[in-house]
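Some notes on the structure that comes next.
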Amino acid sequence: MLFVVLVSILCLGLILVFDTGQSVNKKVQLVNSADAAAYSVAVQQARTLNFAAYMNRGRVANEVAVAQLVSIWSWTNYLHTHTALFIEALSWLKYIPYVGAIFAAMEAAYKVVEVVVGGVRTVYRPLAATAIQLLDGLNGLLAGAARTFVRWGGIEAAQIAKDVLQKNDPTAEIDATGWVVLAQQLRNAASDGPNSFLQKHDVPGRKRRTAGMDRYRNVVMESRDHFSADRSQRNSLFIISFPANGGTDMVDYDRWAAVDILRMKINLPWPLSDINIPLGWGGAQAVENTSPRPKFFPGIRAGGRSGRGNGWRAYYHNRRPTYRQYGGATNWIAKRMAETQPSVNLYKPFPYRNITQRTYTKRNDAYFTGYQGLRDYDDVRKGFAENPDADNDKAGPIFSVYVTSDRRNARTSQDINGIGGPAGSDMELKSNVNKISAISTAQVYFNRAPYSALFRRMVPRRWNGRPSSDDQLEMGNLFSPYWQARLVETPNSVYTKVGIGSLVTGP
């Protein structure tokens with residue numbers, strides 16, 4: 001009799017060990033499946049943010065291309081005006097005795113240059129106008145693509161969670177509570193609500209400014225090449241100098257404007273005033289329309305500490321300098337001549353005469369129309385993704401996958417015939433647990449390795465300067481594609497939401 005009791009106890013112990021092993025094995029399988037699903041969701045969301053960053057970088061590059069096209073048109077307008085003025089002046093100077101032959105030769109050379117420049121302008125303008133409209137239209141498509149992926153990427157993420165879970169454990173599922181939690185997290189990551197991770201920045205009405213759109217414009221202005229940003233040169237001979245100034249600025253969110261001037265400056269001693277003689281001028285703009293026709297001045301007003309003064313403040317150059325409007329082309333020559341005669345639309349009273357049939361003589365030819373400018377964009381809300389530390393709850397959005405499986409899928413003795421006591425007997429082992437659950441959380445975070453040669457950020461500290469390494473920690477943004485995914489501890493708040501607050505130490 002004692003032997004039977006001992007054997008029964010041993011069998012009961014073996015069954016308990018078997019049931020525990022089966023339950024633990026199923027639990028581990030669920031945890032691994034939840035890890036895979038949560039991590040896959042985070043990877044998809046990181047790719048979505050990186051896609052938006054690539055789209056935004058493309059938009060910035062296209063804006064710089066528009067600035068270059070406007071810059072070239074302004075510069076050729078200035079060069080053509082210069083040749084036209086000199087041809088007219090030389091046509092009179094060649095009658096001076098003794099030196100007239102020199103001026104006559106110069107006149108012949110300038111006429112050749114004028115014909116060439118006029119021909120280039122004739123061909124260039126329609127090509128540039130078409131290119132600007134194409135680039136602007138492409139920016140509209142890129143903006144729409146970024147917005148669509150960010151706003152609706154959660155649908156794909158939910159499907160990915162379901163597919164990955166099924167491939168890892170066909171018996172597991174995300175119940176209604178789990179879907180509610182995950183859907184809320186996906187919505188907070190993609191929407192632009194007051195507590196969401198991202199914030200939408202809309203283009204305000206005309207003549208209005210917002211901090212978000214100022215940031216976008218600053219990124220574009222910082223990205224200009226040296227020719228677009230500042231075309232200034234200075235050549236001098238004793239007391240006579242020939243300063244040339246020019247630059248292209250994004251005056252409004254929907255307007256690029258460029259001005260170029262050349263003058264002869266004679267420096268006279270005090271108390272005499274210096275003499276400035278205009279030798280050439282030109283201007284160009286990319287605008288949506290010319291009704292009313294935008295003026296060139298006062299120009300961009302985003303300088304100084306307030307960001308409202310004349311010029312533009314470069315936040316990434318040494319000491320954050322404020323650069324002059326149009327590269328310094330702001331004197332009376334620019335404001336009077338380039339403002340009213342930007343596209344070789346020279347007045348014809350004496351001593352000017354008609355110069356060439358290739359010359360554009362309409363003031364509106366200085367304007368490229370059909371350009372809509374910066375579009376709305378999304379960026380990381382202030383206070384989020386400022387550092388990549390895993391213990392920082394605002395390092396990035398989190399995504400929790402709560403999975404369950406029926407207890408019978410663990411295949412314990414209760415669910416296998418021939419193991420354990422007969423059904424209804426005193427030896428039957430019953431479990432009060434109907435479900436086995438697991439939860440896993442992953443996070444999307446931003447981290448650009450500052451010490452890696454492949455990802456080191458190189459920033460020029462002045463226009464046309466050599467880029468230098470910037471080892472400062474870059475905060476999360478939607479202009480740099482360095483979003484990554486990682487598994488993190490599930491917050492207690494998520495445990496509470498799924499109804500297992502007592503298991504705060506983990507599943």
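Where a number appears in this text, it was derived from the coordinates with a stated rule and is not lab data. In this text, all values refer to a predicted model and were calculated from it rather than measured experimentally. Please note: Cβ atoms are built from the backbone with ideal geometry, for glycine as well, and neighbour counts cover all protein chains shown.
Measure off 7 Å from each Cα along the Cα-to-Cβ vector at D376 and S223, then give the distance between these two points in nanometres to one decimal.
2.0
How high is the relative contact order of segment 197-324, in percent, with contacts defined as C-alpha pairs under 8 Å that are six or more residues apart? Spell out each step's value before the answer.
Details: 202 pairs, mean separation 18.5, N = 128.
Across segment 197-324, relative contact order equals 14 percent.
Please identify which residues in segment 372-397 have an amide N closer than 20 Å to a label point set 7 Å out from the Cα of D214, following the Cα→Cβ vector.
374-384
Suppose R0 equals 60 Å. What FRET efficiency, 1/(1 + (r/R0)^6) with r the Cβ-Cβ distance, do T290 and L473 give to the nearest 0.05? Please list the in-between numbers first.
Numbers: r = 46 Å, r/R0 = 0.76.
In this case the efficiency is close to 0.85.
Roughly how many debye, to the nearest 20, is the charge dipole of segment 112-246 about its Cα centre, given +1 on each Lys and Arg Cβ, -1 on each Asp and Glu Cβ, and no other charges?
The dipole magnitude comes to about 760 debye.
Treat each spin label as a single point 7 Å out from the Cα along the C-beta direction, and report the E173 to T340 distance in nm.
For the pair E173/T340, the computed spacing is 8.1 nm.
For F238 and R457, what is the calculated FRET efficiency with R₀ set at 35 Å and r taken between the beta-carbons, to the nearest 0.05?
Details: r = 45 Å, r/R0 = 1.30.
That pair, F238 with R457, gives E of 0.15.
How far apart, in nanometres, would the label points at K394 and R305 be if each is projected 7 angstrom from Cα along the Cα-to-Cβ direction?
2.6
Given +1 on the Cβ of Lys and Arg, -1 on the Cβ of Asp and Glu, and no further charges, what dipole in debye does segment 189-230 carry about its Cα centre, rounded to the nearest 20?
With only Lys, Arg, Asp and Glu charged at Cβ, the dipole is about 280 debye.
Stretched out fully, how many nm does the piece from K207 to A183 gain, at 0.36 nm a residue minus the Cα gap?
4.7 nm
When ranked by the protection proxy of mean other Cβ atoms within 10 Å per residue, highest first, what sequence do the peptides 119-126, 50-57, 397-404 form?
Output ranking for 119-126, 50-57, 397-404: 397-404, 50-57, 119-126.
May I ask which of K27/K497; K162/K200; K200/K394; K435/K497; K94/K362 have a Cα-Cα span longer than 25 Å here?
Beyond 25 Å between Cα atoms: K162/K200; K94/K362.
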